[in-house]
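Asks: To start, I am sharing the structure in question, which I have written as structure tokens.
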Amino acid sequence: MSGTVATLLADRGVSADALEVQRAALLAFAEEMYAPLRRCDQRAKAECYTRGLMIDGRRKSMQPMAERLGEVDDQGLQQFISDSPWDETAVRRRLARRMCAGLDVQAWAIDDSGMPKCGRLSPGVARQYCGELGKVANCQVGVSVNAVSDVASCPLDWRLFLPAEWDQDRGRRARARIPAEVRHRSKWQLALDMLDELAEWGLAPPVVVADAGYGEIAAFREGLEARELAYVVQVKGSTTAYPADAELEQPAYQGCGRPSVPRYSQKRSNLRELVLAAGRKATVDVTWREGSRGALQSQFVALHVRPVGSRRNAGGERPERWLLAEWPADAEEPVKYWLSDLPADTPIGRLVRLGKLRWRIEHDYRELKQCLGLGHYEGRSWHGWHHHVTCVSVAHAFLTLWRLGHFLPAAPDELEPCANAEEPQPIRGDRQARAGPPHRAAA
């Protein structure tokens with residue numbers, strides 16, 4: 001690792017000098033993304049705010065950003081984000097189409113992220129689980145759909161989770177200016193809403209991936225199947241299922257009422273028990289990618305099962321689904337489980353690569369938070385939050401395309417995308433013909 005790279009491990013953004021070299025590219029990208037904004041002053045402030053999010057600094061709230069930019073006051077930025085009536089949906093639509101075309105997208109990942117907050121007036125704030133802190137805390141939770149490949153990802157759409165307690169709190173709703181039609185919806189329902197919106201924009205995922213917070217919910221999996229969207233989602237080992245060879249039996253008709261529906265003769269089991277029954281002999285060694293310390297490899301079992309909770313077909317059968325389980329050689333039992341509706345002839349290597357693809361989102365969420373200030377919005381406006389995360393997404397998209405070499409060269413150095421992550425490998429572009437990634441400066 002070069003000395004330049006080593007100095008980046010505590011960074012909080014891009015150096016102003018490096019960003020100035022790419023100013024023309026940023027102006028063109030911002031002009032493209034913010035074209036739906038009607039007024040030229042709005043588009044100018046959007047570019048300015050996006051640039052402020054990228055410039056190195058520990059806090060990306062209004063006042064420190066305005067001081068670093070030196071060309072706009074914090075009240076102007078605050079008014080643009082919190083009060084100006086521009087449509088973030090049109091910007092996200094344009095960004096989603098651009099990034100789906102510009103990345104080698106392997107899947108869309110559903111994820112959410114907690115943003116710690118003080119007080120109780122920020123929209124959606126409540127005592128709920130916050131992944132950043134690893135405990136229940138006062139926070140907001142944003143749900144996102146992200147286009148993902150092994151080398152990059154980009155948020156395509158966002159929703160702010162509104163806890164049920166906000167539905168009847170007229171005072172807080174009025175202060176946060178939450179639209180009357182916005183009510184509490186579960187996170188998995190918000191995810192399906194976003195998939196529907198992206199479909200209206202003419203976009204569809206190759207595969208949907210998600211962690212157990214979503215995959216464990218049978219209604220979420222049913223929603224994906226109803227939309228004919230393939231998925232590989234993590235679940236718990238306690239998820240109930242029948243083996244694929246379970247047979248239906250028709251109970252004898254008792255002579256009154258409706259005939260009983262067919263039932264499986266075998267007792268239902270769970271995913272853990274089904275994998276343990278298959279035994280070590282069913283494991284396969286799979287390498288899914290190269291990590292910073294070499295190839296990432298483990299042992300996996302892939303079986304066909306019939307999950308309980310899946311909608312029965314016309315014959316009363318529950319559909320077959322892939323069960324993928326990771327069972328490391330040094331573990332007494334499997335440590336992770338996934339369900340998938342990919343075709344029956346899907347190679348186990350592809351199932352593993354898709355199941356493991358969420359690492360990219362976890363990495364890029366750190367960049368969104370640490371480098372681009374995803375959780376630094378201090379306003380108390382519903383639309384302000386959506387404006388802020390949309391600008392953060394535009395900033396992240398620009399940096400992603402820069403690292404992948406979509407803009408003119410800025411410097412010959414190989415630099416890491418963001419701080420404090422041993423995994424994954426630095427993203428490297430073709431430095432001879434394409435742009436080097438952005439320089440980042442220590443906070």
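Asks: Cβ-Cβ below 8 Å, separation at least six or inter-chain, first residue in the stretch 28-54 and closer than 14 Å to Ser393 by Cβ, second part of a loop (DSSP other than H, G, I, E, B) and not aromatic (Phe, Trp, Tyr): which pairs?
Replies: That search, which allows pairs on different chains as well, returns Ala46/Leu37; Leu53/Lys60; Leu53/Leu372; Leu53/Gly373; Met54/Leu372; Met54/Pro438.
Asks: Check Asp41, Asp56 and return the single one that is on the phi < 0 side of the Ramachandran plot and in contact with a Ser or Thr (Cβ under 7 Å, 6 or more places away or on another chain).
Replies: Values: Asp41 fails: in contact with a Ser or Thr (Cβ under 7 Å, 6 or more places away or on another chain).
Exactly one residue qualifies, and that residue is Asp56.
Asks: Ok, one more. Please work out which one of (1) part of a helix (DSSP H, G or I); (2) out of contact with any helix residue (DSSP H, G or I) (no Cβ under 9 Å at 6 or more places or on another chain); (3) of a type outside the set (Val, Ile, Thr) is the condition Lys45 fails and give its number.
Replies: (2)
Asks: Something else about it: I'd like to check something: does the stretch 407-418 contain any residue that is at pLDDT 90 or above and either within 19 Å of the chain's Cα centre (by Cα) or not polar (S, T, N, Q) (or both)? Break it down stepwise before answering.
Replies: Taking the stretch 407-418 as the starting set, the residues that turn out to be at pLDDT 90 or above are none.
Within the stretch 407-418 (the criterion being at pLDDT 90 or above and either within 19 Å of the chain's Cα centre (by Cα) or not polar (S, T, N, Q) (or both)), the answer is no, since none of the residues qualifies.
Asks: Among the listed residues Leu162, Leu156, identify the single one that is within 30 Å of Glu32 (Cβ to Cβ), surrounded by 18 or more Cβ atoms within 10 Å (Cβ to Cβ) and at pLDDT 95 or above. Walk me through how you get there before you give the answer.
Replies: Details: Leu162 fails: within 30 Å of Glu32 (Cβ to Cβ).
Result: Leu156 is the single residue among Leu162, Leu156 that is within 30 Å of Glu32 (Cβ to Cβ), surrounded by 18 or more Cβ atoms within 10 Å (Cβ to Cβ) and at pLDDT 95 or above.
Asks: Next up: Might you let me know whether the stretch 89-97 holds any residue that is surrounded by 14 or more Cβ atoms within 10 Å (Cβ to Cβ) and either at pLDDT below 95 or outside any helix (DSSP H, G or I) (or both)?
Replies: no
Conditions (1) of a type in the set (Phe, Trp, Tyr); (2) touching a helix residue (DSSP H, G or I) at 6+ places or on another chain (Cβ under 6 Å); (3) crowded, with 21+ Cβ neighbours inside 10 Å; (4) not assigned by TED's automatic domain parsing to the domain that holds Ser153, marked per residue:
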position: Gln63; (1), (2), (3), (4): no, yes, no, yes
position: Ile81; (1), (2), (3), (4): no, yes, yes, yes
position: Leu103; (1), (2), (3), (4): no, no, no, no
position: Cys118; (1), (2), (3), (4): no, no, no, no
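Asks: In the stretch 117-210, which strands (runs of 3 or more DSSP E) lie fully inside it and hold 2 or more residues that are free of Cβ contacts under 8 Å to residues at least 40 places away in the same chain?
Replies: In the stretch 117-210, the matching strands (runs of 3 or more DSSP E) lie at 126-130, 135-148.
Asks: Report yes if Arg68 is charged (D, E, K, R), crowded, with 20+ Cβ neighbours inside 10 Å and part of a helix (DSSP H, G or I), otherwise no. Quick ask: steps written out before the conclusion?
Replies: Details: charged (D, E, K, R): yes; crowded, with 20+ Cβ neighbours inside 10 Å: no; part of a helix (DSSP H, G or I): yes.
The answer is no for Arg68.
Asks: Still on this structure, please answer the following. Every residue in the stretch 211-236 that is assigned to a loop (DSSP other than H, G, I, E, B), in contact with a Phe, Trp or Tyr (Cβ under 8 Å, 6 or more places away or on another chain) and buried (at least 18 other Cβ atoms within 10 Å of the Cβ), please.
Replies: Just the residues of the stretch 211-236 that are assigned to a loop (DSSP other than H, G, I, E, B), to begin with: 211, 216-217, 227-230, 236.
Filter once more, keeping what is in contact with a Phe, Trp or Tyr (Cβ under 8 Å, 6 or more places away or on another chain): 217, 236.
Matches in the stretch 211-236: Ile217 only.
Residues checked against (1) without any contact (Cβ under 8 Å) to a residue 60 or more places away in the chain; (2) under 14 Å from Leu351 (Cβ atoms); (3) surrounded by 17 or more Cβ atoms within 10 Å (Cβ to Cβ):
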residue: Gly279; (1), (2), (3): yes, no, no
residue: Trp288; (1), (2), (3): no, yes, yes
residue: Gly291; (1), (2), (3): no, no, no
residue: Leu296; (1), (2), (3): no, no, yes
residue: Gln299; (1), (2), (3): yes, yes, yes
residue: His304; (1), (2), (3): no, yes, no
residue: Pro307; (1), (2), (3): no, no, yes
residue: Ser310; (1), (2), (3): no, no, yes
residue: Glu317; (1), (2), (3): no, no, no
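The values are calculated or read from the model by the stated rules, or taken from the named source; none is laboratory data. All values reported here derive from a predicted model rather than from experimental measurement. With ideal geometry, Cβ positions are generated from the backbone for all residues, glycine too; neighbour counts draw on all protein chains shown.
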